[in-house]
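**Student:** Input: one structure, supplied below.
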Amino acid sequence: MKGLTGRLAIGTALWLCGILTGLPALGAAVPQPQFSAAQLREDAYVSYDALRTLHPGLDRYLSDEDFDRRYQQLRREYAQGADLATAYLSMARFLASIRCGHTWLNPLNQTDRVADALLKRPDRLPLHFSVVDRRFLVTRAMDASGVRPGTEILALDGVPSARIIERLWPYLRADGASDGKRLAQIGNEGVQVRSMSTTA
């Protein structure tokens with residue numbers, strides 16, 4: 001299957017794929033390519049085999065048994081087939097479990113069709129933000145948004161920022177316990193939600 005793991009460098013534009021599962025669906029519906037269980041199982045095996053054969057640090061933070069368990073979990077998630085965003089998130093979580101900052105799903109390293117389906121969605125907040133001490137702080141915003149740089153985002157559609165970090169954590173890449181790098185991936189990406197609560 002030409003798509004997810006024809007390229008094993010993997011990135012966390014996770015906001016762009018619906019990582020905040022459980023929030024209302026927002027924006028216009030974006031057509032998502034659909035993959036069969038057989039296609040996804042093949043993709044999962046290609047990834048598993050390449051990692052087993054070529055990754056020099058595969059067992060640095062993960063035992064062979066744990067890696068195999070993560071792989072079997074990925075296969076279970078793919079058992080009924082999935083759309084692109086769902087398959088992407090499952091693979092991103094699998095790869096992040098290796099805890100290697102160089103092993104991740106980069107949506108910009110995909111075919112145009114895959115990148116467009118993941119990145120060209122009409123559901124962005126009109127601002128950029130960074131995570132500082134686990135606080136979401138606006139760094140830039142469109143004038144029409146009415147949000148000033150320095151504003152703290154307390155919640156997105158009622159979901160507190162701490163809960164958002166918790167939901168994203170399994171998908172964020174970094175070496176070992178480099179949690180600062182994981183947190184840095186959350187900001188400045190645009191978020192798939194309509195509304196937010198703020199404080200000046």
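Quick note: the coordinates plus some simple rules give every number you see, no bench work behind them. Quantities reported herein were computed from a predicted structural model and do not represent experimental measurements. Reconstructed Cβ throughout: ideal geometry from the backbone, glycine too, with neighbour counts over all protein chains shown.
**Student:** Figure the gain on full extension for Arg134 and Gln34 (residue separation times 0.36 nm, minus the Cα-Cα span) and round it to one decimal in nm.
**Tutor:** Computed gain between Arg134 and Gln34 is 32.5 nm.
**Student:** Using the Karplus equation 6.51 cos²θ - 1.76 cosθ + 1.60 (θ = phi - 60°), what ³J(HN,Hα) coupling, rounded to whole Hz, does each residue of the stretch 102-118 give in order, writing x for Gly and Pro?
**Tutor:** Those phi angles translate into 9, 10, 7, 8, 9, x, 7, 9, 10, 5, 4, 4, 5, 4, 5, 5, 8 Hz.
**Student:** Using modelled backbone amide H atoms (1.01 Å from N, in-plane), which distant-in-sequence or interchain residues come within less than 5 Å of Trp104's amide H?
**Tutor:** Ile10
**Student:** If we sort 38-45, 94-101 on the protection proxy, mean other Cβ atoms within 10 Å, highest first, what's the order?
**Tutor:** 94-101, 38-45
**Student:** Put a dot 7 Å past each Cα toward the Cβ at Ser63 and Asp175; how far apart are the dots in nm?
**Tutor:** 2.5
**Student:** Can you tell me how much longer the chain between Ala184 and Lys120 gets when fully stretched, taken as 0.36 nm per residue apart minus their C-alpha distance, in nm with one decimal?
**Tutor:** 20.8 nm
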